[in-house]
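Note sheet for the following structure.
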Amino acid sequence: MKYNKQILWNFINTKKAPNIKDYNFYIDAIDISNNYELYYYCPIEVKNNYQFITYIIDKFKDNKTFINEVAQYYLNNTSINDYTYQELVFIMSDLIKNPTDKNSLTYQAKKEIIYISKIKSIIKKMEENISEDNGLGFIFVLENEQSKIITNYIATKFVEDIFYNIAKYDLEEIIHMTYKDRFDFVTHGIDSFIIEFTAVFDGYLAYYLQNNKELIKDIHKHIKTIAKNWNKYIKKNYGNKIEELENSIQALLSNNNSPISIEEVYDYIDKKSLLLPIRLSNDYNNDNSLLSNKKINIEDYKILKEALDIAEDIFMCKEDKKKKDSKYKTKILNFKPNNKE
């Protein structure tokens with residue numbers, strides 16, 4: 001504590017501000033007394049100090065009426081173009097959330113206006129600086145935005161747009177086509193997947209998320225649900241094809257009197273074709289190849305190769321479900337996580 005306690009208590013008791021303009025003095029006084037009313041007796045310069053008012057708002061955030069008064073005083077005396085004005089609007093919009101409260105609606109409306117203006121600015125800069133490296137334009141947020149709070153908000157909105165809009169119709173399929181099974185996916189890491197997939201669209205945003213992982217917690221929950229419903233997805237989308245493949249392989253083995261088991265055939269398909277969803281759903285996946293210690297003659301190899309061809313014919317046909325077309329389609333379909341070759 002920088003200031004003499006006697007001077008502090010004199011202000012607390014008399015509510016007469018000394019000739020001190022340092023906002024830290026008033027923070028100390030309010031800390032000691034825990035009395036929000038001392039705010040009203042602070043000098044104008046202190047009431048217009050951003051560090052001071054954000055301290056006040058955070059300390060008394062449960063007193064919605066009071067912190068709204070504090071915020072309004074500051075906003076009325078600050079330019080809308082000042083980053084502190086904009087950041088305070090974002091802070092208040094999070095603290096006062098009540099659809100029936102006029103102040104809450106005002107903050108939400110102002111927040112949206114500020115956000116839209118930021119997006120317009122990003123679009124303009126992207127048009128002036130055309131480069132594939134710009135991605136979604138988050139680089140311009142990093143270059144121009146002074147507020148960490150607003151930067152985080154924009155990052156969250158961008159990543160939500162990627163996962164809930166741009167890749168909405170492809171996401172679950174991409175996950176299933178990329179990872180061998182649920183264990184493989186979870187072992188790789190859901191956060192790692194989110195960041196690597198984000199990098200397909202914007203490398204700067206992905207790097208920012210890497211260092212601010214709290215911003216992807218909602219997306220993490222969404223992706224975790226996909227992992228949880230792994231088998232449901234397989235059954236829904238590939239049940240008939242799996243049955244068709246199993247019948248085809250059984251017929252193939254029967255017709256050739258092959259000593260190779262269906263388990264070994266599936267294992268071969270698993271190792272040779274990283275794009276077939278069958279490898280994600282069957283019960284024959286093993287850490288070590290079933291065929292690794294078995295001598296395979298040329299006839300057996302031909303049967304295995306034919307089984308692989310059958311699998312590719314069944315699973316590589318056109319999907320019936322409609323997918324959302326976008327300029328990012330190729331990027332989405334070419335996605336591979338960092339440790340997948």
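Read-outs throughout are calculated quantities, based only on the coordinates presented, and are distinct from any laboratory measurement. Computed from a prediction, not measured in an experiment: that's the story for all the values here. Using ideal geometry, Cβ is built from the backbone for each residue, glycine included, and neighbour counts are taken over all protein chains shown.
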(request) Considering the options 13, 32, 52, tell which one lies farthest towards the positive end of the dipole of region 1-53, charges being +1 on Lys and Arg and -1 on Asp and Glu at the Cβ, about the Cα centre. (result) 13
(message) Given axes a ≥ b ≥ c from the Cα gyration tensor, I'd like to know whether region 170-214 is rounded (a/c under 1.5), prolate (a/b larger than b/c) or oblate.
(response) oblate
(message) Just to confirm the number: angle between the C-alpha axis of helix 102-128 and the first principal axis of the chain, 0 to 90 degrees, nearest 10?
(response) 60 degrees
(message) If each DSSP helix of 4+ residues adds -39,500 (n - 2.57) and the sum is divided by the residues in the chain, what number results at 222 nm, nearest 500 deg cm²/dmol?
(response) -20000 deg cm²/dmol
(request) Set the Förster distance to 25 Å, then compute FRET efficiency between residue 146 and residue 37 from the Cβ-Cβ distance, nearest 0.05. (result) 0.20
(message) Run the reach check for residue 224 against aspartates and glutamates, Cα to Cα strictly under 19 Å, same-chain hits fewer than 8 apart removed. What comes back?
(response) 160, 161, 170, 172, 173, 181, 184, 191, 196, 214
(request) Identify the residues of region 142-175 with backbone N under 14 Å of a label point that sits 7 angstrom from the Cα of residue 227 along the Cα-to-Cβ direction, or state none. (result) 175
(message) Give the separation of the Cα centroids, region 216-252 to region 3-53, in Å.
(response) 63 Å
(request) Quick one: of 21/110; 168/221; 271/305; 236/272, which pairs are farther than 22 Å apart, Cα to Cα? (result) 21/110; 236/272
(request) Subtracting the Cα-Cα distance from 0.36 nm times the residue separation, let me have the gained length for residue 102 to residue 48 in nm, one decimal. (result) 17.1 nm
(request) Determine the alpha carbon to alpha carbon distance for each of 64/102; 120/217; 64/217 and list only those over 19 Å. (result) 120/217; 64/217
(request) Starting from the eigenvalues of the Cα gyration tensor, five times each then square-rooted, give me the equivalent ellipsoid semi-axes of the chain, largest first, whole Å. (result) 62, 21, 17
(request) Starting from the Cα gyration tensor of region 1-143, take the square roots of the eigenvalues, sort them a ≥ b ≥ c, and report rounded, prolate or oblate (rounded when a/c is under 1.5, otherwise prolate if a/b is larger than b/c, else oblate). (result) prolate
(request) Work through the residues other than residue 186 whose Cβ is under 12 Å from its Cβ and net out their charges, Lys, Arg +1 and Asp, Glu -1. (result) +1
(request) Any chance you could list P(r) for region 112-185, counting all Cα-Cα pairs in 5 angstrom bins from zero, rounded to whole %? (result) 3, 13, 20, 18, 16, 11, 9, 7, 3, 0
(request) Could you work out, for region 181-238, what percent of all Cα-Cα pairs fall into each 10 Å distance bin, beginning at 0 Å and stopping at the bin that holds the largest distance? (result) 22, 47, 25, 6
(message) Viscosity 0.692 mPa s, temperature 37 °C: what is the translational diffusion coefficient of region 1-70 from Stokes-Einstein with a Kirkwood Rh over Cα pairs, rounded to a whole number of µm²/s?
(response) 272 µm²/s
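Sorted from largest to smallest, which semi-axis lengths in Å does the alpha carbon gyration tensor of region 77-234 give for its equivalent ellipsoid, taking the root of 5 times each eigenvalue? Each step should come with its number before you reach the end.
Details: eigenvalues 208, 80, 32 Å².
Listed largest to smallest, the semi-axes of region 77-234 are 32, 20, 13 Å.
Can you give the FRET efficiency to the nearest 0.05 for residue 240 and residue 186, using r as the Cβ-Cβ distance and R₀ = 22 Å?
Numbers: r = 27 Å, r/R0 = 1.23.
Step by step, r from the Cβ atoms, then E = 0.20.
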(request) Just grab the label-to-label distance for residue 305 and residue 220, each label 7 Å out from Cα along the Cβ direction, in nm (one decimal). (result) 4.8 nm
